[in-house]
């Protein structure tokens, strides 16, 4: 049975660092080190992990932030789950535990970034958690050593998770999100294949155009061959 808890012991934090290599194949230079986990916990962030008995199978780390209007929020830097434990609900357990802990402290917003070409993550973030996308950042982390990034610019969607919103309350309870009028869409193939750089550039251009028009990603659909980002007008 999987359990989730806050981690603070150095041994657990070192294991979270090791999992980064296992999950993403990062080089040492790009790992979030133990001291980052220590600082995150001590300054009001979150360091949490999922365990199968005594074996760590997933983790997350978040740091506190302040928006320009003075609103406090958490930026969720990283979450990962070992390959053998994916599709078992472990990621959702981690995120729901993260939400519960944040709400206990009066924090009502969590944000994180994700690759728009990773449709499984997009579906999870929007449909399973109730997050929306209102911002898009070009080459957020620069070119990394991760095999997953393939040497491409790290263009990223910013997921905004408004923890007490009607949308999130309904989605995390297992109910449909409130209905909205869809005005634009972006289709993304499940397998980008050749021409990945050009495809990413095209998708990024359309994301930026739609967000400039005051639209946001309200839904994500997944099919056998492609996925679709569905945009609605912000009210």
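Every number in this text was worked out from the coordinates using simple rules, so none of it is lab data. If you're wondering where the values come from, they're calculated on a predicted model, not measured in any experiment. A quick note on method: Cβ atoms are made from the backbone with ideal geometry, for glycine too, and the neighbour counts reach across all protein chains shown.
Details
- Counting beta carbons within 10 Å around each of 112, 24, 161 and listing the fewest first gives the order 24, 112, 161.
- Computed per residue of the chain from DSSP H runs no shorter than four, each worth -39500 (n - 2.57), the mean residue ellipticity at 222 nm is -9000 deg cm²/dmol.
- Of the beta bridges in the chain, as assigned by DSSP with both residues counted there, near 95 percent are antiparallel.
- Taking the C-alpha atoms only, the angle from helix 90-104 to the longest principal axis of the chain is near 80 degrees.
- When Rg and Dmax of the Cα atoms in Å is computed from the coordinates, the matching label among (i) 17.5, 50; (ii) 16.9, 53; (iii) 18.8, 62 is (i).
- Using C-alpha pairs under 8 Å with a sequence gap of at least 6, the mean separation divided by the residue count of the chain gives a relative contact order of 15 percent.
- Taking the longest Cα principal axis of the chain as reference, the axis of helix 196-212 is set at about 80 degrees.
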